[in-house]
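Reviewing the structure listed below.
The values are calculated or read from the model by the stated rules, or taken from the named source; none is laboratory data. The shown structure was predicted, so the numbers you read here are calculated from the model rather than taken from an experiment. Note that we place each Cβ from the backbone using ideal geometry, even for glycine, and neighbour counts take in every protein chain shown.
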Amino acid sequence: MFCVKDFEAAAREKLDPVHADFIAGGARDEITVRANEEAFARLRLLPRVLRGRAVPGLDVTLLGGHARLPVLLSPTAFHKLVDPEGELATARAAAAAGAVMIASMASTVAVGEIADAARAAAGPGETVPLWFQLYLQPDPEITEALVRRATDAGCTALVVTVDSPVLGASERNRRNGFHDLPAGLRCENLVDLRDGEFGHVRQIAMSPEFSWEHITWLRSVTELPILLKGVLHPEDARLAVRHGVSGLLLSNHGGRQLDTVPATLEALPAIVAAVAGRIPVLLDGGVRRGTDAVKALALGARAVGIGRPVMWALAADGEKGVRRLLELLREEIEDALALCGAAGLDELTPDLVRPAWSGPL
Ligand code: FNR
């Protein structure tokens, strides 16, 4: 395995094609899925030379916590679909790399167990680099119970996904008849939230009725910092700041919700301008190379998230695969930083990127 794409190919070979499609696919025509990667390819790096810099470090502060890598593991559901250890394997690999893992509400291991695995694998004295992704639920008691489970587990932030008033329509899943977890697997965070609830994915309710008031309410029931995942409109970024949100994860759900929305990299400059340094902006969608991470950071993202690559690496080689994936990305980012003449992530500035040449006219 020498790059992220190697894991994609290896995962395809190993997985049931229906599950491989579930991971790779997106909404409708998958225009946004492709746009995410294409946007990185269209941007060029413009390196500086002879700057007398030291070997670059990759440490980053995220919401007051420390990470050793500016790459987060974005929340992805159902890790046991691709590996028997599921999220336990992912958590160990993330903790060993000092990377923040965002556990999905729809994980196939309970968040408490994910946290234990992360703690056991983290460096001495390190806090557990684990955040929890939440879909707000129409019944506030259910939301509160989930927040309690995440808090008791030791998660240090909540990532509220706000781009899902309804579930995005994957035509691949429809054609393949993939609607459910196979027998034996369940969404462990959802078990026993109410009498007679057994962790069925259908328990996750999506609703277009959520509003900013629910964010205000959530802030009143938890001390944890709240990030919003899936804000694309600059006006919503301003509203997020006004509602006391601690950060944004700029995301289009990897093109799995509304098709034809902009690539996240395309949306980044306007979101960064709207937020004006008041809260950190993170970005996911289409990050496949160290140079992709460097481009997003140069345009103002504090860190980047990866979704599909984690699933591919986990499918290809379990915990070892995810470890290797994170090592490769570390190497690629260090390499790109050095070649850009930057000694650290804070030396990545917008002058280091420019659009690809579109011809002399
Ligand atoms: C996701 N994503 C996601 N997001 C979320 O908020 N909750 C979730 O449970 C999931 N589940 C999920 C499953 C799978 C298989 C994929 C591929 C994605 C979206 C994810 O967090 C992230 O936004 C994108 O995956 C980022 O794009 P890339 O890196 O996959 O291109």
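In segment 290-298, the condition of being out of contact with any strand residue (DSSP E or B) (no Cβ under 6 Å at 6 or more places or on another chain), β-branched (Val, Ile, Thr) and modelled with pLDDT of 95 or more is met by at least one residue. Residues to consider are Pro262, Pro269; find the one that is within 16 Å of the ligand (Cβ to nearest atom) and either within 17 Å of Ala301 (Cα to Cα) or modelled with pLDDT under 95 (or both). One residue alone meets the criteria, Pro262. Checked against the criteria, Glu85 does not count as more than 27 Å from Arg12 (Cα to Cα) and either of a type outside the set (Ser, Thr, Tyr) or surrounded by fewer than 17 Cβ atoms within 10 Å (Cβ to Cβ) (or both). Of all residue pairs spaced 6 or more apart or on separate chains, those with beta-carbon atoms under 7 Å, a first member in segment 24-53 that is aromatic (Phe, Trp, Tyr) and a second member that is modelled with pLDDT of 95 or more are Phe40/Leu265; Phe40/Gly286; Phe40/Asp292; Phe40/Lys295. Quick one: would you say Val322 is within 13 Å of the ligand (Cβ to nearest atom), under 16 Å from Val82 (Cα atoms) and either in contact with a helix residue (DSSP H, G or I) (Cβ under 9 Å, 6 or more places away or on another chain) or not in a strand (DSSP E or B) (or both)? The answer is no for Val322. Restricting attention to segment 99-142 and to residues that are among the polar types (S, T, N, Q), touching a residue at least 60 places away in the same chain (Cβ under 8 Å) and closer than 21 Å to Asp163 by Cβ, the residue that is farthest from the ligand (Cβ to nearest atom) turns out to be Gln137. Counting only residues that are of a type outside the set (Val, Ile, Thr) and within 16 Å of the ligand (Cβ to nearest atom), segment 272-301 holds 14 of them.
From the list Ala338, Ala342, Ala316, Ala301, the one residue that fits, being over 18 Å from the mean Cα position of the chain (by Cα) and either part of a loop (DSSP other than H, G, I, E, B) or at pLDDT below 95 (or both), is Ala342. Only one entry in Phe78, Phe22, Phe40 is closer than 29 Å to Trp357 by Cβ, among the aromatic types (Phe, Trp, Tyr) and either surrounded by 15 or more Cβ atoms within 10 Å (Cβ to Cβ) or touching a Pro at 6+ places or on another chain (Cβ under 7 Å) (or both), namely Phe40. The lone criterion from (1) surrounded by 13 or more Cβ atoms within 10 Å (Cβ to Cβ); (2) farther than 23 Å from Gly307 by Cβ left unmet by Gly123 is number (1). Quick check on my filter: what residues within segment 345-361 are part of a helix (DSSP H, G or I) and exposed (fewer than 15 other Cβ atoms within 10 Å of the Cβ)? Within segment 345-361, Asp346, Pro350, Asp351 meet the criteria. Beta carbons closer than 7 Å, at least 6 apart along the sequence or on distinct chains, pair a first residue in segment 67-79 that is within 27 Å of Pro124 (Cα to Cα) and more than 7 Å from the ligand (Cβ to nearest atom) with a second that is modelled with pLDDT of 95 or more and hydroxyl-bearing (Ser, Thr, Tyr) for Leu73/Thr90; His79/Thr90; His79/Ser107; His79/Thr108.
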